[in-house]
1. Taking 41 Å as R0, compute the FRET efficiency from the Cβ-Cβ separation of E99 and E135 and round it to 0.05.
2. What order do you get for 102-108, 40-46, 92-98 when each peptide is scored by the mean count of other beta carbon atoms within 10 Å, highest first?
3. At 0.36 nm per residue, and after removing the present C-alpha to C-alpha distance, how many nm does the segment from T51 to M115 gain when stretched out fully?
4. Using the count of nearby Cβ atoms within 10 Å as a rough guide to exposure, how do H88, H47 rank from fewest to most?
5. Can you work out the base-10 log of I(q)/I(0) for the stretch 26-137 at q = 0.13, 0.15, 0.16 1/Å, using the Debye formula on its C-alpha atoms alone?
6. Sorted from fewest to most neighbouring beta carbons within 10 Å, what does the list D100, D133, D89 look like?
7. Specify which residue in the list I70, G80, N34 is farthest towards the positive end of the charge dipole of the stretch 31-140, using unit charges on the beta carbon of Lys, Arg (+1) and Asp, Glu (-1), about the Cα centre.
8. Report the label-to-label distance for N67 and N38 in nanometres (one decimal), using points 7 Å from each Cα along the Cα→Cβ vector.
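Each value in this text was obtained by applying a stated rule to the coordinates, not by laboratory testing. Please read all numbers here as calculations on a predicted model, not as lab measurements. Methodologically, a virtual Cβ is constructed for each residue, glycine included, from the backbone with ideal geometry; neighbour enumeration extends over all protein chains shown.
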Amino acid sequence: MKTLSLIITLFFAVTLIQAQENSEGKTITVVIENIKNNKGNVLLALHTENTFMRGKGIKNEQSKIENGKITVTFKNIKPGTYAIMALHDENENNQMDFEDNGMPKEQYGMSNNPMSYGPPQFATAKFKLKAEDLEMNIMF
């Protein structure tokens, strides 16, 4: 009888834990396929309008590059409006490096792949995470 009670208790505990994990949020999976080499890492930051271009995102990930490609998943994200910034940090110094004229030395990209000739803008990179998990490609 004790064994049966223990099995039932464990079943309910596991079920409740899985329900809590699933109810915490959605996933955003990002694929980048056109990375020019396998040096360094790709840094990714998930931003709200309040954090965009103001340092770290609300969630940050990084990935080693294999065959010019990475896949990263942000987990437990609540529905809302976000933007993702990605940087190929070739020299692994955890920051974007610039030429003397102010142009970036390293590849970068954003959600929605906007073509801009100035600083990144939240308005062009934003997307809505709704009730479903999301997959996106970012181009460098």
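1. 0.75
2. Listed from highest to lowest mean packing, they are 40-46, 102-108, 92-98.
3. Result: 20.9 nm gained on full extension.
4. Listing H88, H47 from fewest to most nearby Cβ atoms yields H88, H47.
5. Each listed q maps to, in turn, -0.47, -0.63, -0.71.
6. D100, D133, D89
7. Checking the options against the dipole of the stretch 31-140, the answer is G80.
8. Calculated label separation equals 1.0 nm.
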